[in-house]
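Working notes, beginning with the structure itself.
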Amino acid sequence: MIPFISSEQLKTVLPFPALIDALRTAFQQEDMTVPKRHVHALPVENASLLLMPVWQAKQQMGVKLATVVPGNRQSGKSTVQSLFILQDTQSGTPLAIMDGEQLTLRRTAAASALASTYLSRANSRRLLIIGTGQLAPYMALAHCAVRPIEQVSVWGRTPEKVEQTLLAIRAAGLPEQIKLVAAGDLHEALISVDIVSAVTTSQTPLIHAASVCPGTHVDLVGGFRPDMREADDELMSQASIFVDTFDGALSEAGDLLQPIAAGLITADSVQGELADLACGRHAGRINSWQVTVFKSVGTALEDLAAANLAWTALQGTL
């Protein structure tokens, strides 16, 4: 019987320091193959099936199966549901089936934290989370795992959801010595932080260059479609831009595609991807006043790295 690794098990075996290190190693590997994700329309209104395969020669392979069903909101179910199947590359033998939602949440946050180790200032102490969705607590914990954060503030459009998010961040394990604050005015919140992480589905920019101080690191996670925006054109034109992968970000991210279409930046404006940073091909931040942007849309390489870490930790117990 193929073992199933649950969400609770993944929380236990994928602590952020270890997961961030696993992603760093994965992005340094040259034998990782990540084909373009497959997207298929389902016979349900606006619903899609996504298949995200990935493999490493002579080691493990896997595929994430995800469904996106917007209508699920009406019945209280998650819009996105997924599973990850881990297999042996040489034989194709299935090794485990994992909860795809928890795997995705943790690896997404870990990828941003990995980028931060190269792009944020080492003495960054103030973190702002923009957004109150599922990812917000994970982003807070991951960023705090790599920088000496003393205060985490959260901004959202609904005060009640901001308070719920603050409680969720603390409950997820944020150390008591780190202060939690509900941000009021977004401009005021932005000008007083070192790192800002945006995890929204906004279609209009929330982060404006006029509100971003020199030396800030901007982590753009939520805008995963061409029609979504989290940062304005001026910021994208002025900042040093990095992405998780060139292929994904330059085909899906509205924060890049829209200013490129307007002629304000070009694809060459992106200075590097995570593999360039992890392998030392690009140094990342070069001074303390540089404004850096990391734009991610996700890659199956991160799923496999997280799945391998979980599988290794649980072998002998399943």
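Side notes on the structure shown:
- Taken residue by residue, segment 105-114 has at least one member that is of a type in the set (Lys, Arg) and crowded, with 18+ Cβ neighbours inside 10 Å.
- Residue, farthest from Ile286 (Cα to Cα), within segment 108-123, restricted to residues that are of a type in the set (Ser, Thr, Tyr) and in contact with a strand residue (DSSP E or B) (Cβ under 9 Å, 6 or more places away or on another chain): Ser112
- Annotation: of all residues in segment 49-61 being in a loop (DSSP other than H, G, I, E, B) and either touching an Asp or Glu at 6+ places or on another chain (Cβ under 6 Å) or of a type in the set (S, T, N, Q) (or both), the one that is surrounded by the fewest Cβ atoms within 10 Å (Cβ to Cβ) is Ala57.
- Among the residues of segment 179-212, the ones that are β-branched (Val, Ile, Thr) and either in contact with a His (Cβ under 6 Å, 6 or more places away or on another chain) or surrounded by fewer than 18 Cβ atoms within 10 Å (Cβ to Cβ) (or both) come to 5 in all.
- Flag for Ala306 being assigned to a helix (DSSP H, G or I), buried (at least 24 other Cβ atoms within 10 Å of the Cβ) and over 18 Å from the mean Cα position of the chain (by Cα): no
- Identity of the residue in segment 181-224, in a helix (DSSP H, G or I) and touching a helix residue (DSSP H, G or I) at 6+ places or on another chain (Cβ under 6 Å), that ends up farthest from Asn287 (Cα to Cα): His187
Yes/no matrix, rows are residues, columns are (1) in contact with an Asp or Glu (Cβ under 8 Å, 6 or more places away or on another chain); (2) outside any loop (DSSP other than H, G, I, E, B); (3) in contact (Cβ under 8 Å) with a residue 60 or more places away in the chain; (4) crowded, with 20+ Cβ neighbours inside 10 Å:
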position	(1), (2), (3), (4)
Glu234	no, yes, no, no
Phe242	yes, yes, yes, yes
Ser251	no, yes, no, no
Pro259	yes, yes, no, yes
Gln271	no, yes, no, no
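- Close contacts from segment 161-188, counting a first residue that is free of Cβ contacts under 8 Å to residues at least 40 places away in the same chain and a second that is of a type in the set (S, T, N, Q) and surrounded by 17 or more Cβ atoms within 10 Å (Cβ to Cβ), with Cβ to Cβ under 8 Å and a gap of 6+ residues or different chains, come to Lys161/Thr132; Val162/Thr132; Gln164/Thr132; Thr165/Thr132; Leu180/Ser153; Val181/Ser153; Ala182/Ser153; His187/Ser211.
- Residue match in segment 64-83 (condition: outside the structural domain of Pro175 (by TED's automatic domain parsing), out of contact with any Lys or Arg (no Cβ under 8 Å at 6 or more places or on another chain) and over 24 Å from Gln134 (Cβ atoms)): no
- Residue match in segment 30-48 (condition: in a helix (DSSP H, G or I) and either in contact with a Lys or Arg (Cβ under 8 Å, 6 or more places away or on another chain) or of a type outside the set (Lys, Arg) (or both)): no
The values are calculated or read from the model by the stated rules, or taken from the named source; none is laboratory data. Computed from a prediction, not measured in an experiment: that's the story for all the values here. Neighbour counts run over all protein chains shown; Cβ positions are idealised from the backbone, glycine included.
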